[in-house]
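The values are calculated or read from the model by the stated rules, or taken from the named source; none is laboratory data. On a predicted model such as this, the values are computed, not experimentally measured, just so you know. A quick note on method: Cβ atoms are made from the backbone with ideal geometry, for glycine too, and the neighbour counts reach across all protein chains shown.
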Amino acid sequence: MHFRSDCVLLPWLALATALVLGHATPAAALECPVYHPSDTDAAMKETRAQTESFSAMLAARGDRATHSIVKSVRMAHPNASAAEITNFVLTLYCPLVRHNAALSEDQKRARLKAFSAELMEQVSR
């Protein structure tokens, strides 16, 4: 079944974010959302090259890259919901934080939480 409404998807997005950011034990490793294969209904239909390009932008510029990524995704997918765009960008950003050895697990969660909040605000505009 395929839902397009933000009213339906946003609670699921909030739950997914809580699961990613929540931690049962302080030492638990950060888990990132799974990227959907491009042939599933839940996936943004981006090519591997586009996805790698967006990931490289996030790696180089961090949250300063989100505006241009969101703009590009909206242009390519004008019917995509705010929840779908947010999930797509979080799926790209999370591994960058997860693999940052300079950050503790709590710092990683804090960074992802701050990024997620800013991204959701930006996408909902």
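Listed values, structure above:
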quantity: Test: ALA18 is modelled with pLDDT under 90, assigned to a helix (DSSP H, G or I), surrounded by fewer than 12 Cβ atoms within 10 Å (Cβ to Cβ) and of a type in the set (Gly, Ala, Ser); calculated: yes
quantity: Unmet criterion (only one of (1) surrounded by 11 or more Cβ atoms within 10 Å (Cβ to Cβ); (2) at pLDDT 90 or above; (3) outside any helix (DSSP H, G or I)) for ALA102; calculated: (1)
quantity: Subset of the stretch 55-99 [closer than 13 Å to MET120 by Cβ and in a loop (DSSP other than H, G, I, E, B)]; calculated: SER81
quantity: Matching residues in the stretch 50-68 - criterion: being farther than 19 Å from HIS99 by Cβ and not polar (S, T, N, Q); calculated: ARG64, HIS67
